[in-house]
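Notes to accompany the following structure.
Since every read-out is calculated from the coordinates, none of them should be taken as a lab result. Here the structure is a predicted model, which means the values were calculated and not measured. No Cβ is skipped: glycine too gets one built from the backbone with ideal geometry, and neighbour counts run over all protein chains shown.
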Amino acid sequence: MGQANGIGTVNRIERVVIVGGGTAGWMAAAALARFFNDGRRTIDLVESDAIGTVGVGEATIPPIVNFNAMLDIREDEFLQATRGTFKLGIEFVNWGRQGDRYFHPFGSYGQSFHGIAFHQLFLREVARGGQLGTIGEYSMSTAAAMTGKFARPAVGAKSLVNQIIYAYHFDASLYAALLRKMAEGRGVRRTEGRIASVERDGETGDIRAVVLENGDQIEGDLFIDCSGFRGLLIEEALETGYEDWSHWLPMDRAIAVPSESSGPPSPFTRSTAHGAGWQWRIPLQHRTGNGHVFSSGYMDEGEAQDILLANLEGSPISEPRTLRFLTGMRKKAWSHNVVSLGLSAGFIEPLESTSIHLIQNGIARLFALFPDNPISPIERDEYNRGMRELFEDVRDFVILHYKATQRNDTEFWRYVRDMDVPESLSRKMELWRLHGRVFRENAELFAADSWISVMLGQNTWPESYDAIADSLDPDRVASAMKQMRAAYRETAEKLPLHEDFIRQSGGWHDMSAREHAA
């Protein structure tokens with residue numbers, strides 16, 4: 001048999017081994033089982049029940065909706081299984097100045113006029129002294145969130161509700177359990193046990209097998225490292241190296257504690273800045289997730305825990321636990337025949353809820369560049385280039401929250417306010433300072449409206465607006481904006497309450513007597 005059109009047979013990767021479970025491991029396993037388990041491949045996942053998972057990543061961003069749909073997970077069943085709620089964005093408290101409060105919504109602000117960006121017209125009206133409220137009043141997601149309301153967009157409907165963009169809050173351990181059930185149902189083989197050693201090919205340096213404490217070997221062609229911060233394969237075996245970003249993001253600790261719900265769940269995450277970091281509040285159906293992310297160089301752990309417990313809205317339901325981390329990324333997310341996902345690939349604090357998205361994007365990028373044997377360095381390099389761009393994009397956006405502050409009440413806030421930032425972020429901030437311009441580069445995760453939200457929310461106003469905004473009649477634009485603002489408010493008032501919507505759609509989990517007792 002010869003080649004047809006120059007396309008010949010190839011040596012397909014047949015054995016994929018995932019090291020570690022948790023959210024990252026089971027997301028990878030479920031996705032691989034959905035698209036790559038064709039009867040010729042084997043997918044093995046190795047994890048130990050004795051090794052705990054971090055499991056505090058309970059807030060997400062909108063691409064998770066597509067990931068679940070890709071796996072054929074029905075939304076209401078997902079919410080019920082994970083005790084999930086909807087998320088319309090993040091409320092930031094005390095970030096620009098103490099006492100400040102703003103909302104970073106999913107979705108866009110207003111509507112452009114004749115191709116001119118809405119925010120430029122808003123800036124012009126501010127310069128004219130127009131009484132048009134805050135920019136958040138021109139966002140459907142913000143209007144719904146601030147009234148505790150929610151509704152799904154309806155395809156084809158001519159309603160402002162279709163501007164609602166959402167993600168989820170959920171219990172990460174329950175999500176991993178749901179994905180595990182799906183993955184094992186589609187043929188993924190789970191092996192319980194600790195990995196004692198790693199065998200490498202003497203010629204290529206690739207991983208050949210992992211060896212368990214009981215002596216069993218699990219061989220593979222491609223390994224996915226989901227072993228957490230330690231990076232059992234990507235770092236301990238392959239010594240890939242780690243790029244430290246803590247000079248820009250000095251937070252290195254997080255204390256997490258769940259608490260009792262203090263009322264109906266809000267459809268948004270809250271981030272409250274404290275003296276050397278910030279506190280998250282994530283409402284689930286059955287409890288509230290809380291945590292204090294802080295820098296141990298500026299605050300000791302005892303003080304950080306006291307601040308966290310003093311600012312809970314309900315009683316704690318377990319003991320606080322501390323997580324330690326170093327902000328940064330692996331120098332290569334893919335090295336030899338090992339692809340790292342989740343914490344083994346890097347870590348950026350969860351200020352904008354990007355941790356699970358970085359896993360999801362890594363999986364999607366691996367699928368787009370899925371290799372054959374032998375693995376092509378070109379495809380591997382392309383994966384690493386793309387993951388670096390994404391990590392640096394997230395890094396810069398998170399740094400912005402610290403740099404764009406007027407706080408000077410603690411040594412920590414003075415440091416981050418005055419620190420040098422990456423050139424890529426400095427350029428963006430300068431473009432904004434001059435004329436309020438934001439340009440999206442490459443495949444950046446955060447759209448212009450996200451940058452606008454943080455800049456204006458933290459009192460970073462440009463010196464002027466884009467001259468093109470002067471081409472439209474100011475009185476007509478002001479009248480249209482007034483109507484738009486009223487329409488968002490009136491639409492939000494008509495929506496169902498967040499909890500009522502989840503219950504009516506069948507997504508609420510009514511706990512059994514046994515679960516209440518637990």
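Please work out how much length the chain gains when fully extended from HIS435 to HIS114, using 0.36 nm per residue of separation minus the C-alpha to C-alpha distance, in nm with one decimal. Let's see the in-between values first.
Values: separation 321, 0.36 × 321 = 115.56 nm, distance 1.90 nm.
Taking HIS435 through HIS114 to full extension adds about 113.7 nm, to one decimal.
Which FRET efficiency value, to the nearest 0.05, is calculated for SER246 and ASP473 with the Förster distance at 56 angstrom and r the Cβ-Cβ distance?
Numbers: r = 51 Å, r/R0 = 0.91.
Between SER246 and ASP473 the formula returns 0.65.
Taking neighbour Cβ counts within 10 Å as the exposure measure, how do VAL46, VAL161 sort from fewest upward?
The most exposed by this proxy come first: VAL161, VAL46.
Run the helix sum for the chain: -39,500 (n - 2.57) per DSSP H stretch of 4+ residues, divided by residue count, reported at 222 nm to the nearest 500 deg cm²/dmol.
That comes out to -10500 deg cm²/dmol.
Starting from the 7 Å offset along Cα-to-Cβ, what nm value, one decimal, do you get for the label separation of SER296 and ASN66?
A separation of 3.8 nm, rounded to one decimal place.
Kirkwood Rh and Cα-based Rg: tell me the resulting Rg over Rh for region 21-176, rounded to two decimals.
Across region 21-176, the Cα-based Rg/Rh ratio is 1.09.
Angle, helix 423-435 long axis vs. longest principal axis of the chain, Cα atoms, 0 to 90°, nearest 10?
20 degrees
With the dipole of the chain worked out from charges on the C-beta (+1 for Lys and Arg, -1 for Asp and Glu) around the Cα centre, which of GLN98, LEU249, VAL19 lies farthest toward the positive end?
The listed residue farthest towards the positive side: GLN98.
Specify the angular offset, from 0 to 90 degrees and rounded to the nearest 10, of the alpha carbon long axis of helix 22-35 from the longest principal axis of the alpha carbons in the chain.
With both axes taken from Cα atoms, the answer is about 70 degrees.
Hey, for a label at ALA127 modelled as a point 7 Å past Cα toward Cβ, could you say which residues of region 430-453 have their backbone N under 18 Å away?
Counting only backbone N, you get 430-439, 452.
Convex hull over the Cα atoms of the chain, averaged projected area in nm²?
Numbers: hull surface 112.1 nm².
Dividing the Cα hull surface by four gives the mean projection, 28.0 nm².
Cα centroids of region 23-52 and region 148-168: how far apart, whole angstrom?
So the separation of the two Cα centres works out to 34 Å.
Which order do the peptides 232-245, 371-384 come out in when sorted by mean C-beta neighbours inside 10 angstrom, highest first? Intermediate results must be reported in sequence, preceding the final value.
On the way: 232-245: 19.2, 371-384: 14.8.
Put in order of decreasing packing, that is 232-245, 371-384.
Calculate the dipole size of the chain relative to its Cα centre from +1 charges on Lys and Arg beta carbons and -1 charges on Asp and Glu beta carbons; express the result in debye to the nearest 20.
Charge dipole, the chain, about its Cα centre: 1280 debye, nearest 20.
Counting only pairs 8 or more places apart or on different chains, how many lysine pairs in the chain have C-alpha atoms closer than 24 Å?
For the chain, qualifying lysine pairs total 10.
Order of PHE268, PHE446, PHE170, PHE439 from fewest to most other C-beta atoms within 10 Å?
Fewest to most other Cβ atoms nearby, the residues stand as PHE439, PHE446, PHE170, PHE268.
Can you pull the semi-axes for region 47-136, root of five times each eigenvalue of the Cα gyration tensor, sorted largest first, whole Å?
Rounded to whole Å, the semi-axes are 38, 20, 11.
If I histogram all Cα-Cα distances within region 157-202 using bins 10 Å wide from 0, what percent of pairs lands in each bin?
All Cα pairs, binned at 10 Å, distribute as 17, 23, 25, 20, 8, 6, 0 percent.
How many Å³ per residue does the convex hull of the Cα positions in region 424-485 occupy? Don't skip to the end; give the middle numbers.
Values: hull volume 7.4 nm³, N = 62.
Dividing the Cα hull volume of region 424-485 by its residues yields 119 Å³.
Region 403-440: which trypsin sites (Lys or Arg not before Pro) are DSSP loop and have at most 16 other beta-carbon atoms within 10 angstrom?
Taking region 403-440 and a limit of 16 other Cβ atoms within 10 Å, the loop trypsin sites (Lys or Arg not before Pro) found are ARG440.
In whole angstrom, note down how far apart the Cα centers of region 350-421 and region 235-250 are.
Distance between centres, Cα-based: 13 Å.
State the three equivalent ellipsoid semi-axes of region 173-320, derived from the C-alpha gyration tensor as the square roots of 5 times its eigenvalues, in descending order and whole Å.
Working: eigenvalues 289, 105, 33 Å².
Rounded to whole Å, the semi-axes are 38, 23, 13.
Note down the magnitude of the dipole of region 182-275 about its Cα centre, charges +1 on Lys and Arg C-beta and -1 on Asp and Glu C-beta and zero elsewhere, to the nearest 20 debye. Walk me through the numbers on the way to the answer.
Details: 9 positive and 18 negative charges, 132 e Å.
That gives region 182-275 a dipole magnitude of about 640 debye.
Using the count of nearby Cβ atoms within 10 Å as a rough guide to exposure, how do SER355, SER471, SER261, SER426 rank from fewest to most?
The order, fewest Cβ neighbours first, is SER471, SER426, SER261, SER355.
Could you work out how far apart the two model spin labels at GLU184 and GLU213 are, taking each label as a point 7 Å from the Cα in the direction of the beta carbon, and quote it in nm?
Result: 2.0 nm between the two label points.
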